[in-house]
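Peer 1: Below you will find the structure I want to go over with you.
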Amino acid sequence: MKFLVVEDEKLAADRLIVMVKEIVPESELLGRADSIKSTVRWLQTNPSPDLIFLDIQLADGISFKIFDLVKIEVPVIFTTAFNEYAIRAFKVNSIDYLLKPIDKEDLEKALDKFHRLFKKPEDKVTYDAAMMQKIVQMFSNPYKARYVVKIGEHLRHIGIEDIAFFYSMEKETYLSTFTGKSYDLDYSLDQLEELTDPKTFFRINRKYFISLKAIKDIISYSGSRLKIKISEKEDNETIVSREKVTEFKNWLEGNKN
């Protein structure tokens, strides 16, 4: 079994590859991609894999757009952080899905399904364009519902509602929860701005991207700036940069699109 992994979270991709090789030792990783653009380029310039693991939500959009840009005739196992009820609509025929962080037992069942349905390399899949369009509409919200972090040798997902703020420090990016715990991420703050709902999070300066729910107090500061106290971080006072003050006030009033 030769497979391709499309995943924009490096830790999640690494863990998936390890688990696949543990379950199917003779499997071969042909390649990995982390965006719609890189996936299309890979599929256009490499031999077709037997199986594709495809994250639904990539940094540059919903991965179903790939089906409009390149012909795919091999089975796909989708990976996603979305809730199960939203996925059932397209769990048909050869298509399967795995909720992140991926459980090894669920992965084993999905691979078993793949081997049962596709016993010969020449077995092809036809993906219904109308069904794919329906799925794209279903997942039209481009914002992540949760992020995957590494804790020791384990992966854990943290819901966006549990995140107080994101911050950068010494060229690394972290998320901080309302319980005061911090975890490093594979994303930059610029990427997080694209992936996180702007109605609930605001980039107050180069280093902080905060949740509305985390704001404990706002204090007038020198030079028409604003100082923010963030809940669960009594010693963490952050400043809204001067050029962002007006936009920040509009955001507080719900005027940010």
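Here, each number is a calculation from the coordinates, and none is a lab measurement. All of these numbers come straight from a predicted model, not from anything done at the bench. A quick note on method: Cβ atoms are made from the backbone with ideal geometry, for glycine too, and the neighbour counts reach across all protein chains shown.
Peer 1: For region 61-69, just list the computed ³J(HN,Hα) in residue order, Karplus coefficients 6.51, -1.76 and 1.60, θ = phi - 60°, integers in Hz, with x standing in for Gly and Pro.
Peer 2: Whole-Hz 3J(HN,Hα) from phi for region 61-69: x, 6, 5, 5, 5, 4, 5, 7, 9.
Peer 1: So for region 146-252: antiparallel DSSP bridges make up what percent, rounded to the nearest 5?
Peer 2: 100
Peer 1: Where does each of Met169, Met1 land when they are ranked from fewest to most other beta-carbon atoms within 10 angstrom?
Peer 2: Listed from fewest to most nearby Cβ atoms, that is Met169, Met1.
Peer 1: Take Leu29 and Glu194, extend 7 Å from each Cα along the Cα→Cβ direction, and tell me the distance between the two endpoints in nm.
Peer 2: Taking the two extended label points, one gets 2.3 nm.
Peer 1: Listing Val18, Val125, Val5 from the residue with the fewest other Cβ atoms within 10 Å to the one with the most, what is the order?
Peer 2: Listing Val18, Val125, Val5 from fewest to most nearby Cβ atoms yields Val18, Val125, Val5.
Peer 1: Can you give the FRET efficiency for Tyr174 and Gln44, using 1/(1 + (r/R0)^6), R0 = 25 Å, r = Cβ-Cβ distance, to the nearest 0.05?
Peer 2: 0.10
Peer 1: About its Cα centre, what dipole magnitude does region 144-196 give when the only charges are +1 on Lys and Arg Cβ and -1 on Asp and Glu Cβ, stated in debye to the nearest 20?
Peer 2: With only Lys, Arg, Asp and Glu charged at Cβ, the dipole is about 220 debye.
Peer 1: Which order do Leu117, Leu192 fall in if you start with the one that has the fewest other Cβ atoms within 10 Å?
Peer 2: In order of increasing Cβ crowding within 10 Å: Leu117, Leu192.
Peer 1: Pull up all non-local amide H partners of Ile239: gap of 5 or more, or a different chain, and H-to-H distance under 5 Å with H placed in the peptide plane.
Peer 2: Counting only residues 5 or more places away or on other chains, the set is Ile228.
Peer 1: What full-extension length gain, to one decimal in nm, is calculated for Ile218 and Leu252 as 0.36 nm per residue of separation minus the Cα-Cα distance?
Peer 2: That pair, Ile218 and Leu252, stretches by 11.1 nm at full extension.
Peer 1: Can you list the HN-Hα couplings for region 10-25, worked out from phi with the Karplus curve (6.51, -1.76, 1.60; θ = phi - 60°), rounded to whole Hz and with x for Gly and Pro?
Peer 2: For region 10-25, the Karplus curve yields 4, 4, 5, 5, 4, 5, 4, 4, 4, 5, 4, 5, 5, 7, 10, x Hz.
Peer 1: Here is a follow-up. Compute, for region 146-252, the length of the dipole vector about the Cα centre, with Cβ point charges of +1 (Lys, Arg) and -1 (Asp, Glu) only. Units Debye, rounded to 20.
Peer 2: 380
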